[in-house]
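**Student:** Below is one structure. I have some questions about it.
The values are calculated or read from the model by the stated rules, or taken from the named source; none is laboratory data. Predicted model only: the values in this text are computed from it and were never measured. Glycine also receives a Cβ, built like all others from the backbone with ideal geometry; neighbour counts cover every protein chain displayed.
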Amino acid sequence: MTAQTHFGSGNPADAMIEHILAQPGVQRVPSTKLTLFVRRGFLDPETSTALCARVDATRRPSTLSDFNGDPTFRTSETGDLDPFDPLVIDLNARIAAFTGLDPAHGEPIQGQRYAVGQEFKAHTDYFEPNGIDYQRYCGIAGNRTWTVMIYLNQPEAG
């Protein structure tokens, strides 16, 4: 499935924002610094549980694209999801339908696992143009412009 949005002569993000806001249950978080939406219940509990199992099956220590010298900057674990897994294919389709973006412009889906005390300190989700990995990750497809985060479980605190 390919979801496409026509971007007119205005700000290219305007059509996407309109598309997202048209989805049921979407709330826009008021902010002058970023464009942020919340959609609770995006996945059913069974799908979330199945995705957690797939993340756990492939998890490894998370890495940084441009190491900044701080070995505690990112302490989570990352699980790379199989793009040919029917569950992951369905997830990609749901994300494309929700955002209106063509999935050809997306990246492989990863899951992050945070144990008590683990973190990923404050960072941007795009690649810095002067960073050592900028050309590697952005040379062909361009830089990240949107990030979709789906919380698969609800911690009791924290």
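**Student:** Does Gly100 satisfy being touching a Leu at 6+ places or on another chain (Cβ under 8 Å), closer than 26 Å to Tyr134 by Cα and in contact (Cβ under 8 Å) with a residue 40 or more places away in the chain?
**Tutor:** Answer is no for this residue.
**Student:** Do we have any residue at all in region 22-36 that's touching a residue at least 24 places away in the same chain (Cβ under 8 Å), within 26 Å of Tyr137 (Cβ to Cβ) and within 18 Å of the chain's Cα centre (by Cα)?
**Tutor:** No - not one qualifying residue is present in region 22-36.
**Student:** Still on this model: Quick one: in region 87-110, of everything that is assigned to a helix (DSSP H, G or I) and among the small types (Gly, Ala, Ser), which residue is surrounded by the most Cβ atoms within 10 Å (Cβ to Cβ)?
**Tutor:** Filtering region 87-110 for residues that are assigned to a helix (DSSP H, G or I) and among the small types (Gly, Ala, Ser), the one surrounded by the most Cβ atoms within 10 Å (Cβ to Cβ) comes out as Ala96.
**Student:** With the requirement that a residue be farther than 22 Å from Val55 by Cα, among the acidic types (Asp, Glu) and within 14 Å of the chain's Cα centre (by Cα), what does region 87-110 give you?
**Tutor:** none
**Student:** So, one more: Across region 97-131, what is the number of residues that are β-branched (Val, Ile, Thr), modelled with pLDDT of 85 or more and farther than 24 Å from Thr58 by Cα?
**Tutor:** Count: 1.
**Student:** So which residues in region 111-158 are among the hydrophobic types (A, V, I, L, M, F, W, C), under 18 Å from the mean Cα position of the chain (by Cα) and over 20 Å from Thr75 (Cα atoms), if there are any at all?
**Tutor:** Cys138, Ala141, Trp146, Val148
**Student:** Identify all residues within region 40-86 that are closer than 22 Å to Gly117 by Cα, of a type in the set (A, V, I, L, M, F, W, C), within 18 Å of the chain's Cα centre (by Cα) and not in a helix (DSSP H, G or I); write none if there are none.
**Tutor:** Leu64
**Student:** Another question about this same structure. How about region 131-149: which of its residues are of a type in the set (Ser, Thr, Tyr) and either within 25 Å of Arg113 (Cβ to Cβ) or assigned to a loop (DSSP other than H, G, I, E, B) (or both)?
**Tutor:** Tyr137, Thr145, Thr147 - these are the residues of region 131-149 that are of a type in the set (Ser, Thr, Tyr) and either within 25 Å of Arg113 (Cβ to Cβ) or assigned to a loop (DSSP other than H, G, I, E, B) (or both).
**Student:** While we're looking at this one, here's another question. Could you check, for region 143-155, whether at least one of its residues is free of Cβ contacts under 8 Å to residues at least 60 places away in the same chain and farther than 29 Å from Ala15 by Cα?
**Tutor:** yes
**Student:** Just to verify a result, which residue in region 24-75, among those that are basic (Lys, Arg) and either surrounded by 11 or more Cβ atoms within 10 Å (Cβ to Cβ) or in contact with a Pro (Cβ under 9 Å, 6 or more places away or on another chain) (or both), is nearest to Arg94 (Cα to Cα)?
**Tutor:** So the residue we want is Arg39.
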